[in-house]
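Just so you know, all these numbers are worked out from the coordinates, no wet-lab data involved. Just so it is clear, the model here is predicted, and its values are computed rather than measured. As a convention, Cβ positions derive from the backbone with ideal geometry for all residues, glycine included, and neighbour counts pool all protein chains shown.
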Amino acid sequence: MSRFRMAVALVTICLVAGSCKTAEGTGTAQDATDSGGRITVWVDPPRVPAVNAFQKAYPDIPVEVNTINGNVGSTELQQKFVLFNQAEKGWPDAIFFPSNDDIAWASSSKINYARDLSPDLGDILAGYPAGVIEQCKIEGQFRCLRNDAAPDVFWYDQVLLAEWGYEPPTTWEQYESLSLRIAAEHPGHITGFVGDAYAPDRYLWASGCPTNDTSSEKQVRINLADERCVRVRQLLDRLLAAGVLSSTGIFSPDAAELGRRLVMSPGAVWWGNFLFRDTWKVPAGRITAAKPLRWTSDLTPMTSSEGGGLWGFSRHIKGTQLENTLTFARFVASDPRWQVDLSVGLPGYKPLQKPWLAKQREARYLADFEHAAEAFVYATTIVRSDRDYTRYNTGTVWTHTITPALTSGKSFSTAWRTFSDRLTREARSFGYTVES
Amino acid sequence: MTQQVLVRHRSRTRASSAPAVRRVRARKGHAAAVLVAPYVLLLLVGGLIPTGYAVVKSLQNEAETGFGGLSSYQRVAGDFRFVETFANVALVLCVWMPLLLTAAVVLALLVDASPRRFGASMRFVYYLPGAFAGIANFMLWLFLLNPGQSPVDFLWHGFGYTSLNEVAQPGNLPFIIAAMLFFQGTGTWVVVLCGGLNGIPDELLEAAKMDGATAWGVVWSVKLPMIRPWLGYMTLLNLAYGFQLFLEPQVLGQVTHGLISPQWTPNQLSFTYAYQILDTPAAAAMSVILLLVTLGLGLLVVHRSRLFQDER
């Protein structure tokens, strides 16, 4: 028995000694390597054209592309990074994070993958509007680049509203009353989706409801009893009861048919091309966007973002490999050959916003383009800065509490209680101290 | 003289036979060691070393800097999803195991009682669904579950479901997973049980018939008791498999864009601790708990089915 104990103790000491590694700084890691030029990039399917455009623009840089699962709220990516850290190799040089919350673990002291970009890409960082790049600033360092600005605006079918004789709403209260009228007068039409991982951004954060407001790596404020949560909860409750909101998510295959019956909805800037035009195939000249809705008790409207993808770059490289990776970083953030010619979203990088909008104007998809363009640019300036990216994913908790409850016919208030309860516990299980 | 020679001869024989026997035994021992070595090696690499590693890891503190006692066990057992994950698996097992046992036994008995060629073809037909390997089987199920594409859409419409999200809602998950496991595994077990039924000596069955046993009597009093160890073996392996569920709820969660909690089974909770919460000792503790539960249930099954009775 004593021999067994000694063996256990020995193994424990070995394991402990092996795992005693301190977190390093955030620039280039000490163990950085140089491939001599080849770079590896990981992207979700919609970002593959960015890599193709880069290869065309820089044929001398060899690129290895790996397409990853692009589901928002998917949890499988982090696992790979844990293993890379253990193996001390295998990290991609550049990655497009499928969920924005991914940056929380990628820059955490344990995984510590994403490099601080301020020393090398200061000029690029300066080209972003403050509200767009704010969330990449983690503990004073810029650990990511914004691909596209994805603030929510207010989308509506201009033709249908005019035909029915309705004015587009400008406040959340008007949105509610018009939705209820549409439910009564035009049953079968809908005015929003609540079943996807972006719904908490679209509705809760638009109201300022704190579901993930961090003050440090281990402290977060969650308070679903806050007045700003209560007002949006009541609004959603009434609209769901009237059957004018769909419990489906925007990415669900079932949403395609529903999307064509969507009269109006808050939604991100990229909804125009990605959802209305490409996924739901709504004909050109119907859809337009207005400025984000305002709560009548608030002085100005505020909005949140639905994604607006983030690029991260490895700390574990140096030399030519690093140089080429930084060339790639500059390309995906600020080169019109990707951002203007191919990207479906409004560029986060401000100097490219005008050319992108000009190109959209030419495409003649949106109705009343100038009105929509003005709303897009304005929305990038009013994004809530207290919405932070966290190790737990609020959207994931939402989709496996609210969505199934609504699908199985439970009331929204019951679903909300479960969501609230699980969100707090989920945050705690990640080691956050939850304040309310 | 003759006697003396005889005695000398005997004693010589005795003296020379002892080392010979030892040599034979040693040779036999070597042969056994060679035969067992690959198994022992695999057992070490795939079983004992990882288990030992998990036990040691689970006793570390959260920061993995030293001994933490049972704190990681406390953390996982106190997790708000801990009981829930076991309840989910228990529900799946409650639906799946009785179905599997009944269907496999009934089908195997039918195959056994059928004329040779027909029985063999039926055995092959039952085996077919199991031939689809894990992920192919899963893809097939996605089509079956989606009311828009399913050949059994009348079933979903009967329940009032029009979309995959309605079919795959968490309340239905135990039934869906049980169905997946059922179609995937039953055929294989029919084949195994047929093997067991074939092993029953014909004389025994004839004797039973001569004693006046009806067909039902032969099944109930001869065949079933004779394949009891096989049933125990089947229960044992499938219980262990059920507790290790991971793939089905994980992929279904992704396909439905997060409708299913990423911590639906104990294995998924362990996975979350390892790769999202980054608390490896807690993940290891969860694995050890899972091992103990499976081991406990396994021992119970072995005991109740008298699985290794013959060897004793």
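Sparse packing (at most 13 other Cβ atoms within 10 Å of the Cβ) combined with a DSSP loop state is found for the following chymotrypsin sites (Phe, Trp or Tyr not before Pro) in region B:100-182: B:159. The residues B:45, A:220, when put in order of fewest to most other Cβ atoms within 10 Å, stand as B:45, A:220. Considering only beta bridges that DSSP places wholly inside chain A, some 60 percent are antiparallel. Inter-label distance, residue B:49 to residue A:167: 7.5 nm, where each label sits 7 Å from its Cα along the C-beta direction.
Quick one: check the C-alpha center-to-center distance for region B:175-192 versus region B:244-293, whole angstrom. Each part's Cα centre sits 23 Å from the other's.
Database remark: amide H of residue A:40 closer than 5 angstrom to the amide H of A:64, A:93, A:94 (H placed geometrically; neighbours at sequence offset of 5 or more, or on other chains; Pro and chain starts carry no H). Measuring r between the beta carbons of residue A:159 and residue B:63 and using R0 = 56 Å, the FRET efficiency lands at 0.40. Under a 5 Å amide H cut-off, with hydrogens placed 1.01 Å from N, residue A:153 pairs with A:267, A:268, A:269 among residues at least 5 apart or on other chains. Which of A:312, A:131, A:192 moves most in a GNM of chain A, Cα contacts under 10 Å? Result: A:131 has the largest fluctuation of those listed. Taking the number of Cβ atoms within 10 Å of each Cβ as an exposure proxy, the fewest-first ranking of B:96, B:264 is B:96, B:264. On the beta carbon distance between residue A:219 and residue A:55, with R0 = 35 Å, the FRET formula returns roughly 0.25.
On full extension, the segment bounded by residue B:224 and residue B:121 gains 34.8 nm, given 0.36 nm per residue less the C-alpha separation. Mean projected area of the convex hull spanned by the Cα atoms of chain A, taken over all viewing directions: 23.4 nm². Going from the residue with the fewest nearby Cβ atoms within 10 Å to the one with the most, B:180, B:226, A:264 rank B:226, B:180, A:264.
Straight-line reach from residue A:318: taking Cα to Cα under 20 Å and skipping same-chain neighbours fewer than 8 places apart, the lysines in range are A:89.
The Cα-based radius of gyration of region A:231-330, divided by its Kirkwood radius, gives an Rg/Rh of 1.13. A viscosity of 1.002 mPa s and a temperature of 20 °C, combined with the Kirkwood radius over Cα pairs in Stokes-Einstein, give a translational diffusion coefficient for region B:79-305 of 109 µm²/s. What separates the Cα centres of region A:105-147 and region A:245-295 is a distance of 30 Å. Within the protein assembly as shown, antiparallel bridges make up roughly 60 percent of the DSSP beta bridges whose residues both belong there. For the protein assembly as shown, dividing the convex hull volume of the Cα atoms by the residue count gives 238 Å³ per residue.
For chain B, a crude dipole built from +1 on the beta carbon of Lys and Arg and -1 on the beta carbon of Asp and Glu, taken about the Cα centre, is about 2320 debye to the nearest 20.
Once the Cα atoms are used to define both axes, helix B:134-145 deviates from the longest principal axis of chain B by about 40 degrees.
Backbone phi angles across region A:235-252, fed through the Karplus curve with coefficients 6.51, -1.76 and 1.60 (θ = phi - 60°), yield HN-Hα couplings of 4, 4, 4, 5, 6, 5, 4, 7, x, 9, 10, 8, 7, 6, x, 5, 8, 5 Hz in residue order; Gly and Pro are listed as x. Computed from backbone phi, the HN-Hα couplings of region A:206-219 come to 4, 8, x, 6, x, 9, 7, 10, 8, 10, 7, 4, 10, 10 Hz, rounded to whole numbers (Karplus: 6.51 cos²θ - 1.76 cosθ + 1.60, θ = phi - 60°; Gly and Pro given as x).
Amide hydrogen proximity for residue A:128: with H placed 1.01 Å from N in the peptide plane, the residues at 5 or more positions away or on another chain lying under 5 Å are A:350. The string of couplings for region B:297-308 from the Karplus curve (6.51, -1.76, 1.60, θ = phi - 60°) is 5, x, 4, 4, 5, 4, 5, 6, 8, 6, 4, 9 Hz, one whole number per residue in order, with x for Gly and Pro. Springs between Cα atoms under 10 Å define the GNM used for chain A, and in it the highest mean-square fluctuation of A:399, A:288, A:300 occurs at A:300.
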